[in-house]
1. Inside the stretch 36-54, can you point out the residues that are crowded, with 17+ Cβ neighbours inside 10 Å, modelled with pLDDT under 85 and not in a strand (DSSP E or B)?
2. Would you pick out the residues in the stretch 25-35 that are within 10 Å of the chain's Cα centre (by Cα) and either at pLDDT below 85 or not β-branched (Val, Ile, Thr) (or both)?
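The values are calculated or read from the model by the stated rules, or taken from the named source; none is laboratory data. If you're wondering where the values come from, they're calculated on a predicted model, not measured in any experiment. Cβ placement follows ideal geometry from the backbone for every residue including glycine, while neighbour counts extend to all protein chains displayed.
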Amino acid sequence: MVQSGGTLALLAAANNIASSTDVAVYGVLNVTGVTGGFTLASGQTLRATGTVLGGVTTGTGSIVQPQGQGTLSFGSGLALGGGLEIFLSGS
């Protein structure tokens with residue numbers, strides 16, 4: 001799933017993008033409407049530049065990969081699960 005610009009808001013009571021293995025967000029990902037916070041599941045990759053609003057927890061085997069020259073910020077925190085991979089590139 002790719003969202004470019006603007007805001008992608010998850011409004012369901014649960015993680016309704018759990019079946020997407022690659023979540024690419026270039027703007028704002030708003031997960032404040034997900035009961036209990038958003039969990040990045042095992043095997044999921046969050047490729048993003050911008051801001052994530054709401055609580056985010058990473059599952060074992062999930063990947064957070066900031067993109068390009070922009071920044072990726074978590075407005076309500078990022079709880080790291082075991083086995084998380086974070087890809088950072090230096091310039």
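1. Ala41
2. If the condition is that a residue be within 10 Å of the chain's Cα centre (by Cα) and either at pLDDT below 85 or not β-branched (Val, Ile, Thr) (or both), then Val25, Leu29, Asn30 are the ones that fit.
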